[in-house]
Amino acid sequence: MSDEQDGQAKSRLDRLEGLMELLIDEHMKFTQEHKQLLTAQVILTDRLDRLTVTVRELAEAQRHTDDRLNALIHVVDDWIRRTPPQQR
């Protein structure tokens, strides 16, 4: 391996220092991206929890609607069955 780059000699220590700086810079970028990912995960988890609650509330409301609709169907069905066809 040559110690020359662009006509200037670089010592092994200089090359190692350059590589270390590159590794440190990449690690700093990774650390920042990791923090952003964790923040996004917390936000996503919170929104998923809210959505879960909303879906549960919606399912409960749907059950009540179904119960009321079934009661109405029953009333109308009874009325139709008890009322002679000529009086409807």
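Values computed for the structure shown
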{"read-out": "Nearest-ten-degree value, helix 12-82 long axis tilted from longest Cα axis of the chain", "value": "0 degrees"}
{"read-out": "Accessible surface, the chain, averaged per residue in Å² (probe 1.4 Å)", "value": "98 Å²"}
{"read-out": "Leading residue at positive end of dipole, the chain (Cβ point charges), from 69, 51, 16", "value": "69"}
{"read-out": "With 5 Å bins from 0: P(r) over the chain, alpha-carbon pairs, percent", "value": "3, 10, 7, 8, 6, 6, 6, 5, 6, 5, 5, 4, 4, 4, 4, 3, 3, 3, 2, 2, 2, 1, 0"}
{"read-out": "Simple label model, 7 Å out from Cα along Cβ direction - residue 26 to residue 42, nm", "value": "2.9 nm"}
{"read-out": "Carbon plus sulfur fraction of accessible area for the chain, probe 1.4 Å, in percent", "value": "59 percent"}
{"read-out": "Charged-residue dipole, Cβ positions (Lys, Arg, Asp, Glu), the chain about Cα centre, Debye nearest 20", "value": "1020 debye"}
{"read-out": "Region 39-87 - charge dipole about Cα centre, Lys and Arg +1 at Cβ, Asp and Glu -1, debye rounded to 20", "value": "100 debye"}
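The values are calculated or read from the model by the stated rules, or taken from the named source; none is laboratory data. It should be emphasised that the depicted structure is a prediction, and the values quoted were computed from it without experimental measurement. As a convention, Cβ positions derive from the backbone with ideal geometry for all residues, glycine included, and neighbour counts pool all protein chains shown. Calculation scope for accessible area: heavy atoms of the full protein, side chains included, ligands and nucleic acids excluded. Shrake-Rupley method; radii C 1.70, N 1.55, O 1.52, S 1.80 Å.
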